[in-house]
Amino acid sequence: MPDSPHSTSHQSPNLGAPDNGLNMASIWERIADHQGDALALQHGVDGPSQPWSAFEERAARVAGALHNAGIGAGDNVALALYNGNEYLEAQFAAFKVRAAPCNVNYRYVEAELSYLVNNSDAKAVFFDASLVERFDHIHDTAATASVRLWIQVGDGVCPPWAVSFEDVIASAEPAPRVTRDSHDLWILYTGGTTGNPKGVMWPHANLATITKRNLDGWGVPMPESLDDIPAMIDAIARAGVVPRQLAASPLMHGTAGIGALMYLFCGGAVLTLESRSLDPAELWRVAETHRATTVSIVGDVFCAPMVDELDDRANAGDPVDLSSVLTVTSSGVMWSQPVKDRLLAHAKSQGAPLVCNDSLGSSEGVGFASKQSAAGAGTDTQTATFTLGPNAAVFTEDGRRVQPGSGEKGLLAVGGPIPLGYYGDPVKSAETFKEIDGKRWSIPGDWAEVAADATITLLGRGSVSINTGGEKVYPEEVEEALKLLDDVVDANVVGVPDPKWGAAVTAVVELRENSTITDTDLVDSLRTSLSGYKLPKQIVRVDKLFRSPNGKADYKWATQAALDALAE
C-alpha cells in the first residue's frame with residue numbers, strides 16, 4: 001500500500017493555518033461540562049436517550065479501551081454501524097484518542113469489507129451484531145492484520161475474537177483528557193459507485209469552519225478557541241435556538257454525517273431512527289416528539305415517502321406537527337421540485353417556517369451550490385438549477401473560469417475549507433484537489449453550465465457520462481426528466497454497448513403500480529425537455545430500482561440490470 005499522509009509520523013497535516021484547538025472531542029467535552037443535562041443523543045421515539053454528560057462518559061470509556069489497545073494519534077478506526085447512539089459514541093471515542101473514524105457501508109459483502117478495512121489501515125473496527133457472520137469470515141485475514149480491537153454493537157452472542165460495546169463501557173476506565181490538534185482527521189469514504197471507495201480526509205479545523213454557516217444564521221460569532229465554547233452555547237440559547245438534527249439518512253453518508261458533527265459542535269442533539277430502512281411514520285413521530293429543527297435526507301428517495309405519510313396523516317385528521325422543523329436538508333442526489341412543493345404545501349397549511357435546503361455537495365467538499373425553497377415563495381421549477389456557493393466556481397478542463405452565459409460547460413469546484421485529499425492515494429488526490437490561480441480547489445467531476453445570471457444547471461458526473469454517437473449525455477439530466485413524469489417512481493440512465501451509437505442511452509425505470517404507459521409514450525413524453533440524442537433508445541423496466549443506503553444511484557447495478565434484461 002502506498003505511504004499514507006495520515007500516519008503516526010505525520011499526525012498534524014500542514015493546513016497553512018495555526019492550530020486553534022477546535023478539535024471535535026475537545027469541543028464536545030467543553031459542551032458536556034457546560035450543559036451536562038441537555039439532550040445529546042436520542043434513538044427512536046422511546047429508545048435510548050443520552051444527555052451530554054452520559055454521551056461524554058460512555059465515549060470516554062470506549063476511548064479507554066482504544067487507548068489500552070495502543071490506538072492513538074494518527075490511527076484510523078472503522079465504523080460498520082447503523083444509525084444509533086453507538087455510532088456517535090464510537091466516533092467521539094476515536095476523536096478522544098486522536099484517531100480518525102472512518103465510515104463503512106453496512107451493505108458491503110466480505111470482499112468489500114476486506115478492501116475498506118485494509119485500505120483504511122484500521123486499528124479498530126466497530127461492527128453491528130447483524131454483520132458478525134461477514135466479519136467472522138475476514139477478521140483473521142491478511143487484509144485485516146492491522147486490526148487490534150473488534151467491538152460488536154447490539155444484541156447477540158459476541159464472537160470470541162471480539163468484545164461487546166456495552167461490556168467495554170462497563171469495564172473500561174475512562175480515557176484521560178488530552179491536548180488535541182484541530183488538524184486531526186475525520187475520514188469520509190466515498191460511495192464507490194463507479195470504482196473502489198476512497199477515504200476523504202477532513203481536518204477538524206475545516207469541519208469547524210463549515211459549522212460557521214449555522215452560527216451566522218443564528219447571529220452567533222464563531223468561537224476562536226476552546227475557551228469560547230461555553231459563551232457560544234449560551235449565545236445560541238439566547239437566540240432561541242435548540243438545534244436538533246434528525247438524521248434520517250445514514251450517518252455513514254456525508255449529508256447526515258457532516259450534519260451531525262455540525263449540530264453537536266453547536267451543543268445540539270442528534271436524533272436517529274430505530275428502523276433500518278426508511279419508515280416515514282416513525283420519522284415524523286420522532287420529529288414531532290423530540291422537536292427536530294432539521295431533517296437530513298437524500299433526495300426524492302427519502303422525501304417522496306415522507307410526503308406520502310404527511311398526506312395520509314392529514315387525510316386521517318391527524319396532521320404531522322411541523323412547527324419545530326426549520327429545514328429539511330438534502331445533498332448528493334436529485335431532489336425534484338414537485339416533491340419539494342408537496343412538502344412545502346403542508347408547511348404552508350400550518351404556517352410552519354420550513355425551508356427546503358437543497359445543497360450540492362460531495363464527500364470531497366460542501367458548498368458547491370444550493371437552492372432554498374420556502375412555503376409561499378416562488379420556486380424555480382427546474383430541479384437542477386442552483387446558485388453557486390460563495391467559495392465555488394466552474395472551470396473548464398484546462399483551468400479557465402467559465403464565463404456566465406457563455407454556454408460553455410465546465411466542472412464544479414469549491415475552495416475554502418476543503419479536505420486534504422484521499423487517504424493513502426496521492427495520485428487521485430492530485431487529480432481532484434488542484435491549485436488554480438494560487439488557490440486550492442476540490443473538483444470531484446460534476447459538470448455544469450453557468451447562466452447569465454450566474455445560476456448553474458447541474459449536468460452530472462463526468463465519470464458516468466455516456467458517449468453516444470459522438471455526443472456526451474449526462475445521466476442525471478435524463479433521470480431528472482424521467483422522474484418528473486407521473487408514471488415514473490425512480491430511474492437510472494446508463495450507456496449500453498451498441499454497434500451503431502457506441503453506447504445506447506438506456507433508461508432503467510421503476511414505474512408506478514398499475515401504470516399502463518408504453519415505452520414509446522414514455523420516450524415521447526421527454527421530447528419537449530430533452531434533445532433527440534439524449535432520449536433513451538431502450539427502456540428497461542424493474543420492479544424496484546436499487547439504490548445504496550445513502551440514496552445514491554448504483555450505476556454498476558443499473559448497467560448490469562440493463563445488460564441482463566436486454567440479453568433475454
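Before moving on, here are some points about what is shown:
- The residue that is nearest to the chain's Cα centre (by Cα), counting only those in segment 101-132 that are surrounded by fewer than 24 Cβ atoms within 10 Å (Cβ to Cβ) and part of a strand (DSSP E or B), is Asp128.
- Residue among Arg512, Arg440 that is touching a residue at least 24 places away in the same chain (Cβ under 8 Å), surrounded by fewer than 20 Cβ atoms within 10 Å (Cβ to Cβ) and within 23 Å of Asp300 (Cα to Cα): Arg512
Rundown of residues vs (1) in contact with a Pro (Cβ under 6 Å, 6 or more places away or on another chain); (2) closer than 29 Å to His67 by Cα; (3) touching a residue at least 12 places away in the same chain (Cβ under 8 Å), yes/no style:
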site: Ser164; (1), (2), (3): no, yes, yes
site: Tyr189; (1), (2), (3): yes, yes, yes
site: Asn206; (1), (2), (3): yes, yes, yes
site: Asp216; (1), (2), (3): no, no, no
site: Ala231; (1), (2), (3): no, no, no
site: Asp234; (1), (2), (3): no, no, no
site: Ala237; (1), (2), (3): no, no, no
site: Gly259; (1), (2), (3): no, yes, yes
site: Phe265; (1), (2), (3): no, yes, yes
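- In segment 454-470, residue modelled with the highest pLDDT [restricted to those that are part of a strand (DSSP E or B) and of a type in the set (S, T, N, Q)]: Thr455
- On the stretch given as segment 211-224, residues that are among the hydrophobic types (A, V, I, L, M, F, W, C) and surrounded by 21 or more Cβ atoms within 10 Å (Cβ to Cβ) total 1.
- Elements of type helices (runs of 4 or more DSSP H) contained in segment 264-364, each with 2 or more residues being among the small types (Gly, Ala, Ser) and over 27 Å from Ala491 (Cα atoms): 337-350
- Only one of the numbered conditions (1) among the basic types (Lys, Arg); (2) at pLDDT below 95; (3) touching a helix residue (DSSP H, G or I) at 6+ places or on another chain (Cβ under 9 Å) is violated by Lys123, and that is (2).
- Among the candidates Gly351, Gly367, the residue that is more than 21 Å from the chain's Cα centre (by Cα) and modelled with pLDDT under 95 is uniquely Gly351.
- Segment 277-319, residues that are under 19 Å from the mean Cα position of the chain (by Cα) and either small (Gly, Ala, Ser) or over 25 Å from Asp486 (Cα atoms) (or both): Ser277, Leu283, Ala292, Thr293, Thr294, Val295, Ser296, Gly299, Ala304
- Some residue of segment 337-349 being under 30 Å from Glu471 (Cα atoms) and touching a residue at least 40 places away in the same chain (Cβ under 8 Å): yes
- Complete set of residues in segment 543-568 that are in contact with a helix residue (DSSP H, G or I) (Cβ under 6 Å, 6 or more places away or on another chain) and of a type in the set (A, V, I, L, M, F, W, C): Phe546
- When the strands (runs of 3 or more DSSP E) confined to segment 1-85 are screened for residues that are in contact with a Cys (Cβ under 7 Å, 6 or more places away or on another chain) and either at pLDDT 95 or above or within 24 Å of Val286 (Cβ to Cβ) (or both), those reaching at least 2 such residues are found at 76-80.
- If only residues of segment 487-506 that are in a strand (DSSP E or B) and touching a Leu at 6+ places or on another chain (Cβ under 6 Å) are counted, the one that is surrounded by the most Cβ atoms within 10 Å (Cβ to Cβ) is Ala491.
The values are calculated or read from the model by the stated rules, or taken from the named source; none is laboratory data. On a predicted model such as this, the values are computed, not experimentally measured, just so you know. Every residue, glycine as well, gets a Cβ built from its backbone with ideal geometry; the counts of neighbours run over all protein chains shown.
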